[in-house]
Structures are given as structure tokens and as C-alpha cells.
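The values are calculated or read from the model by the stated rules, or taken from the named source; none is laboratory data. These numbers come from a predicted model, not from an experiment. Cβ placement follows ideal geometry from the backbone for every residue including glycine, while neighbour counts extend to all protein chains displayed.
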């Protein structure tokens, strides 16, 4: 006796694929991310009308976070378990998906403001390198030798043999002076040991001076440097102060160039896939492309120039929005 086969999926009068598990290439906002295996479910009537899709991907909160979505900004995503399938297109305004079955490609579109932004110039922390173990020595040495005559009063005398002797009063004096400046160090893993010492020799006396010794390392999660030992406070605002102790201070060298200094955050709304340009004093200083919906630009390079920023949003149909 034959089994009943459900053929209703093919009665739509249009291209239709069965729900199931497919291995697809995932694109997020037109950027290829990865190839992974995902479950696809039949789209609801509302999803068919909104996106024109017959299948929609089953994505969990964890997967959305891995794709760069700000899941913490949408409370509804936190009402289900981290691995449960969530209707992201209903929770995130203007989010959508398109499954190209012939190419096994899933294209996801999220408003730019719903995504974590990666600042220009960012280098992934996974590519950071602590360097190799090394001994360092930087030195400078200077010295001098001098001879000079000292002049005293001249005199004459006669010895027992009746010979006359003359003393012109001149003595030859010698002087030696040496100076050594040493900056030594040891790199071992994330740790950096540094020492600054000097040695001097003058007038027959030698002296060693230990100017300072410090141990430091980077604290990557805090984008900071931990320094222990002899160090000094920053002199950006107040005078620098020498100290012996421990100091945790932010390190701008760990930030991308676009995150150093102050620059305003620009927000707006795009009606379609749009080109966003920012002008200052008639010059374009920034240009990017955003998805439909709200967007946020927070990686402008700091600029010392004065003048208003003009934001130009050029939509896919050629229309433009301008605001200051």
C-alpha cells in the first residue's frame, strides 16, 4: 500500500522548493560571510507578501549575533532561548532574506543601525601578535681625555756643586671623564621589562645610577596598558608626575585611527539601498553604502577643520536627501 504524498507545496503556480536543511553561502548586507548549513521553513503568508519568498531561514539569536546583529537592542529577541528559531524579519524593522536556490545563496539584509559597526582601520584582535622573546639594549657612550699645564711662579736655586737651576713653574695635569647611558629591556610573551641606568667616571671616581625600572603589558579587553614600577603620569592636561607604583592607562595605539580623538556620530534613515556621503567645506570626507532603514556612522576620522557637516543620502532611484 503506497504512502500518501503531500503535493500541496507544488500547487502554488510558481517556483517552489521544499523546506529542509540546505548548505548555503551566507551574505549579510552584500558582504559574503561564510558557508554554513541552515534549516529553511515555509514562509508565512505575511512573509510571502513582504519579501516574496517561499522559504525563510531559521536563525537563532546566537547565529544573528555571530553575523553582527545588535541582538541586545531588540528585547523581543531575548524572550526566546538562544538557540530557538526567531522571526527576525518581524522583530527587526526592514530586515529581510532572499534564498537563491539555484546558487545555494542566502542573502540577508539588515538596517545598518541594527548591526555592530566595525570602525575603519580596525585590525581583528585575533591577528594581534605579542612578538617574539627578545633582549634589547640601547646605549650611548662618550668620553674625553685631556692634558693641560698648570702655571705657577718661576724660581731659581744653586745646588751644592754651584750649579744654577731654573724652575719655570709648569706642571702637566691629566683628566679623564666617561659617561655611559643604558636602556635595556626584555620581551617575554605579553610582558615588557625595561630599565634605564647610567654610569659615569670622573676624577678617579665611578658611579652607577638606576634611573628607573618598569614592568608592563597590554590589557587588550580594556585597550589599556598596565605598568608597574617606576613610571610617570601622562602630561596631556596636567604636568607629568614621576611615580613608583602601578598604573592602568588607556592606550590609543590599540584603537583604529578613526576612533582616536573626537568626531560626531551621524544618524539618518535610508529608504532603499543608498549611498551616504558627508561633506565639510565643500569636500567629501566620508562615503559609504547602507541598507534600507536607520543607519549610524560612528567611524568618522577626527578633523581639526571647522565647518558644518552636510549629509547627502542618494537613494537607489536617484533621489537625494540632504541635512546638516
Among 63, 117, 47, 16, the single one that is surrounded by 13 or more Cβ atoms within 10 Å (Cβ to Cβ), at pLDDT 85 or above and either not assigned by TED's automatic domain parsing to the domain that holds residue 274 or not in a helix (DSSP H, G or I) (or both) is 63
Which condition from (1) farther than 27 Å from residue 129 by Cα; (2) touching a residue at least 12 places away in the same chain (Cβ under 8 Å); (3) not in a loop (DSSP other than H, G, I, E, B) is the one that residue 284 breaks?
(2)
Looking at this structure, is residue 68 under 23 Å from residue 289 (Cβ atoms), in contact with a strand residue (DSSP E or B) (Cβ under 7 Å, 6 or more places away or on another chain) and either modelled with pLDDT of 90 or more or surrounded by fewer than 19 Cβ atoms within 10 Å (Cβ to Cβ) (or both)?
yes
Could you check, for segment 250-262, whether at least one of its residues is surrounded by fewer than 14 Cβ atoms within 10 Å (Cβ to Cβ), in contact (Cβ under 8 Å) with a residue 24 or more places away in the chain and part of a strand (DSSP E or B)?
yes
Right, residue 267: under 23 Å from the mean Cα position of the chain (by Cα) and at pLDDT 85 or above or not?
yes
